[in-house]
Amino acid sequence: MVGLGIVEYLKKERSQEWRVELRSNLKAKERTQLERGHMPEQDPDQRNKNFTEVNLGLTEEQAIHEAKRCIDCPNPTCITGCPVGINIPKFVKKIEAGEFLDAARVLKETNALPAVCGRVCPQEVQCEQVCYYPQKVDKPAVSIGHLERFAADFERDSGKVSVPEITAFNGIKVASIGSGPAGLAFAGDMAKMGYDVTVYEALHEIGGVLKYGIPEFRLPNEMVDVEIDILKKMGVKFITNFIVGKTASVEELMKEGYVAFMVGSGAGLPNFMNIPGENLTGIYSSNEYLTRVNLMKAADPEYDTPVMSGKNVAVIGGGNTAMDSVRTAKRLGAERAMIIYRRSIEEMPARNEEIIHAQEEGIEFMNLHNPIEYMGDEKGRVKQMKLLKMELGEPDDSGRRRPVPLEGSEFVIDVDTVVVSVGVSPNPLIPQSMSELDVSSLGTINVDKETMQSSIPDIFAGGDIVRGGATVILAMGDGRKAAASMDRYIKQKVRNIISLIKEFDTIGDILDFAG
Amino acid sequence: MNKIIDKEYFSDLVVKLVLEAPYIAKSRKAGHFVIVRVGERGERIPLTIAEADLEKGTITIIVQKVGVSSIKLCNLEVGDNIHDVVGPLGHPTHIEKLGTILAAGGGVGVAPLLPIVEAYKNAGNKVISVLAARQKDLIILEEQIRLHSDEVIIMTDDGSYGKKGLITEGMEEVIKREKIDEVVTVGPAIMMKYVALLTKKYKLPTVASLNTIMVDGTGMCGACRVSVGGKTKFVCVDGPEFDAHEVDFDEMMMRLASYTDEESAAYDRFINKYKKA
């Protein structure tokens, strides 16, 4: 890509012989006649009792069929919808050509975690939303996400996992604070550019939200480990059980030779609703509930961590995390696993796929309801909750219609476990440890949106610690952006030092100056 | 992995472990705690740092056998590794010269109390310590506490050592004869509750260091939440020390008992396995 603008680069790639030939094999019109394929899934009544993946992945034939639907547009708008800028038509056409390993390589040019993104990205509001099909011919988009997952899984299963090429190792030490999606994307790009990268992680496992947050049935931890192993092969070092700002400060780490940092410490603090009875036992934040099950494997009696998961489980909220929690509760044996959401299903922030999967699995949706109080038994365990019915009023700041309580509509239902999934706030540990860092009133780190650089020039930041609560792929996009601008920043710093040195006549003068 | 380099039994139930943790040894201050996980299937449990040796790069933790994880931890020997140790966590104790400090520690709560007592003493305060336990062999770290205290009073429930009686009785005797500027207390929740009631009666500012259930210990999960002054606080990132008069100890005790059933089932499984082995 060096020396070429992105548009010229894509044009040049598109005019390569193999791409031209593929296009000539099947007319665009014939391609648009092909129906979008379905992702094979585990049967709902079976999968709601186990933790293995819901989506089973495309077969080779299904993948090639889907890849054929892509007409290889001269102006591939899909790429503009990708926060990490994957060369989408190129990898899709590699699949059509049956060159699955090459397809995986294309993905890894810009995406450190293709098997993860192929599973958890909301493609329907990104690449697939701006695909030719929905934009121009009102048909369902090419299932780019399914194809991404296919290529990544094929490569892993082939045992021929490629390790991205690393330009000359420069030995300059940089660190990521946090090993979630922002940190991993950052580490991958910095390692490719030759930096000596260390990733610090507070927990005992690498992967951040990918490990503690997203359940096995959506993203097996093993998939995350495969992608982390590639980063390790690229020379990235991982240090777990290390909280930067607590175990050692940024200043101390600078003395160990690090020249710049990327903070990707995530949105750690769960929000509660501050209603009566919320501290009864059996009431969890979604972070705690999911961490116990996903990271600590509480459902497995061989592991020491317990989890309370009863017969009547209410999950408060309508986001992806709420869906993950309620589907987890069902799998842990809940007879009633309920979503309690104060707006209607149209306003739900969760991905459509997650909502549909949850409905298929027998999750009850109590939309337009809001909890106002919890009642406990003599031991302090929650046994009932009081709900208020809501109706939708005028749109609020978010553009969604505001839920308004219906007077006198309270009623009580039995619950023995509640999971509160009403958002998170940024983790305070890093901002607390760096007093000079410019932080917003919400606790997020303020950065230059273009460079991801914070008020301290050597500190960059991305992901939920900047955004407050977003998606895996946006965090990864931030990590990549931070890597690119940190590289420019460090190189400029080096140039400044060199030009400063040039102003001296002798080495003796330099040493005198340095004192 | 953190290697255990020294181990000492204070009693059948209470063990002192010294482990390698050079970064934590350097960064820790009085009041800090660590999260420990024994084995790759272990749970994450918070433990307060009792002592640290900067030169050797070690920290000391004191563990009481109460459940499966603490028994597993106590069963580790010198040379064994603890799978995960992370910290130091929480806010350190706010130490300044105030005058006379009354330090009240119960059971293994004396372990986290030790660095606090030491820090108050080093800041130029007069420190009177009251240590309490059910019986003699559960009184720990007496010698070390004496090193940093102007006076030490020992209370045991059964009178097997020191004076017979509750910690509050020992404290009240001091409060009646001395002008106390601050009270600091660490121990079982029920003990701290009664300490708080006593000192409230005498209008003495009191700080309690809370030890709740935690998972990550970094603010992420909210398992450790307690009500302080009617507001929900997270012990891991807002504490572990709070104004004892504002803490809802009854709620804290209720939350500490969350997993009583699960814990006793796990304990039975563990003991059965242990017997078979």
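The values are calculated or read from the model by the stated rules, or taken from the named source; none is laboratory data. Worth saying up front: this structure is predicted, and the values here are computed from it rather than measured. Virtual Cβ from ideal backbone geometry, glycine too; neighbours counted across all protein chains shown.
Side notes on the structure shown:
- Scanning segment B:126-148 for residues that are touching a residue at least 40 places away in the same chain (Cβ under 8 Å) and under 18 Å from B:Glu182 (Cβ atoms) turns up B:Ile128, B:Val130, B:Ile145.
- Of the residues making up segment B:191-198, not a single one is under 28 Å from A:Lys246 (Cα atoms) and within 14 Å of chain A (Cβ to nearest Cβ).
- From the list A:Phe242, A:Phe238, the one residue that fits, being away from chain B (no Cβ under 13 Å) and in contact with a strand residue (DSSP E or B) (Cβ under 8 Å, 6 or more places away or on another chain), is A:Phe238.
- B:Ala244 surrounded by 15 or more Cβ atoms within 10 Å (Cβ to Cβ), within 14 Å of chain A (Cβ to nearest Cβ) and on the phi < 0 side of the Ramachandran plot: no
- Residue ranges of helices (runs of 4 or more DSSP H) in segment A:26-100 with at least 2 members in contact with a Cys (Cβ under 8 Å, 6 or more places away or on another chain) and touching a residue at least 24 places away in the same chain (Cβ under 8 Å): A:77-80, A:88-96
- Every residue from segment A:269-322 that is charged (D, E, K, R) and closer than 19 Å to B:Val68 by Cα: A:Arg292, A:Lys297, A:Asp300, A:Glu302, A:Asp304
- Residue ranges of strands (runs of 3 or more DSSP E) in segment A:400-499 with at least 3 members at negative phi, crowded, with 19+ Cβ neighbours inside 10 Å and assigned by TED's automatic domain parsing to the domain that holds A:Arg336: A:417-420
- Qualifying residue in segment A:209-232 (condition: hydrophobic (A, V, I, L, M, F, W, C), more than 14 Å from chain B (Cβ to nearest Cβ), part of a strand (DSSP E or B) and buried (at least 20 other Cβ atoms within 10 Å of the Cβ)): no
- Selection count, segment B:81-97, where residues are within 11 Å of chain A (Cβ to nearest Cβ), within 14 Å of B:Asp238 (Cβ to Cβ) and part of a loop (DSSP other than H, G, I, E, B): 3
- Residues of segment A:347-380 satisfying the condition of being among the charged types (D, E, K, R) and within 14 Å of another protein chain (Cβ to nearest Cβ): A:Asp377, A:Glu378, A:Lys379
- Number of positions in segment B:217-233 that are over 21 Å from B:Pro88 (Cα atoms), more than 8 Å from chain A (Cβ to nearest Cβ) and surrounded by 18 or more Cβ atoms within 10 Å (Cβ to Cβ): 1
- Candidate set: segment A:291-317, residues that are within 23 Å of A:Lys383 (Cβ to Cβ) and surrounded by 24 or more Cβ atoms within 10 Å (Cβ to Cβ); chosen: the one nearest to the other protein chains (Cβ to nearest Cβ): A:Arg292
- Boolean, A:Glu205 is touching a strand residue (DSSP E or B) at 6+ places or on another chain (Cβ under 8 Å), within 10 Å of chain B (Cβ to nearest Cβ) and modelled with pLDDT of 95 or more: no
- Test set (1) within 9 Å of chain A (Cβ to nearest Cβ); (2) in a helix (DSSP H, G or I) - B:Ala25 fails condition number: (1)
- Residues satisfying the stated conditions in segment B:61-75, i.e. touching a helix residue (DSSP H, G or I) at 6+ places or on another chain (Cβ under 8 Å) and either part of a strand (DSSP E or B) or away from chain A (no Cβ under 14 Å) (or both): B:Ile61, B:Ile62, B:Val63, B:Gln64, B:Lys65
- For A:Ser176, the criteria (1) within 21 Å of A:Thr471 (Cα to Cα); (2) in a loop (DSSP other than H, G, I, E, B) hold in every case but one, which is (2).
- Filter pass, A:Lys255 being basic (Lys, Arg) and more than 10 Å from chain B (Cβ to nearest Cβ): yes
- Screening A:Ala182 with (1) part of a helix (DSSP H, G or I); (2) assigned by TED's automatic domain parsing to the domain that holds A:Glu66; (3) crowded, with 24+ Cβ neighbours inside 10 Å; (4) aliphatic (A, V, I, L, M) gives one miss only, at (2).
Residue-by-condition table, conditions (1) away from chain B (no Cβ under 14 Å); (2) among the aliphatic types (A, V, I, L, M):
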{"residue": "A:Arg401", "(1), (2)": "yes, no"}
{"residue": "A:Leu406", "(1), (2)": "yes, yes"}
{"residue": "A:Thr417", "(1), (2)": "no, no"}
{"residue": "A:Val420", "(1), (2)": "no, yes"}
{"residue": "A:Ser425", "(1), (2)": "no, no"}
{"residue": "A:Ile445", "(1), (2)": "yes, yes"}
{"residue": "A:Ser455", "(1), (2)": "yes, no"}
{"residue": "A:Ala475", "(1), (2)": "yes, yes"}
{"residue": "A:Lys481", "(1), (2)": "yes, no"}
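- Count - residues of segment A:258-286 that are more than 10 Å from chain B (Cβ to nearest Cβ) and either buried (at least 23 other Cβ atoms within 10 Å of the Cβ) or within 24 Å of A:Arg480 (Cβ to Cβ) (or both): 7
- All positions within segment A:185-208 that are surrounded by fewer than 22 Cβ atoms within 10 Å (Cβ to Cβ) and small (Gly, Ala, Ser): A:Gly194
- Looking only at residues of segment A:345-391 that are hydrophobic (A, V, I, L, M, F, W, C) and in a helix (DSSP H, G or I), we find that the one that is farthest from A:Val415 (Cα to Cα) is A:Ile356.
- Among the numbered conditions (1) closer than 22 Å to B:Glu142 by Cβ; (2) out of contact with any Asp or Glu (no Cβ under 7 Å at 6 or more places or on another chain); (3) in contact (Cβ under 8 Å) with a residue 24 or more places away in the chain; (4) surrounded by fewer than 19 Cβ atoms within 10 Å (Cβ to Cβ), the only one that B:Lys26 does not meet is (1).
- The single condition from (1) surrounded by fewer than 20 Cβ atoms within 10 Å (Cβ to Cβ); (2) without any contact (Cβ under 8 Å) to a residue 24 or more places away in the chain that B:Pro205 fails is (2).
- Residues located in segment B:23-63, provided they are out of contact with any strand residue (DSSP E or B) (no Cβ under 8 Å at 6 or more places or on another chain) and farther than 22 Å from B:Glu77 by Cβ: B:Ala30, B:Leu54, B:Glu55
Conditions (1) in contact with a Lys or Arg (Cβ under 8 Å, 6 or more places away or on another chain); (2) more than 30 Å from B:Arg41 (Cα to Cα), marked per residue:
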position: B:Ile101; (1), (2): yes, yes
position: B:Arg134; (1), (2): no, yes
position: B:Gly187; (1), (2): no, no
position: B:Val207; (1), (2): no, yes
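- Taken over segment B:7-22, the residue count meeting the criterion of being within 14 Å of chain A (Cβ to nearest Cβ) and in contact with a strand residue (DSSP E or B) (Cβ under 6 Å, 6 or more places away or on another chain) is 3.
- Evaluation of A:Val307 against (1) without any contact (Cβ under 8 Å) to a residue 12 or more places away in the chain; (2) touching a strand residue (DSSP E or B) at 6+ places or on another chain (Cβ under 9 Å) (one fails), failing number: (1)
- Of the residues contained in segment A:222-239, none is found to be closer than 25 Å to B:Lys233 by Cα and touching a Lys or Arg at 6+ places or on another chain (Cβ under 9 Å).
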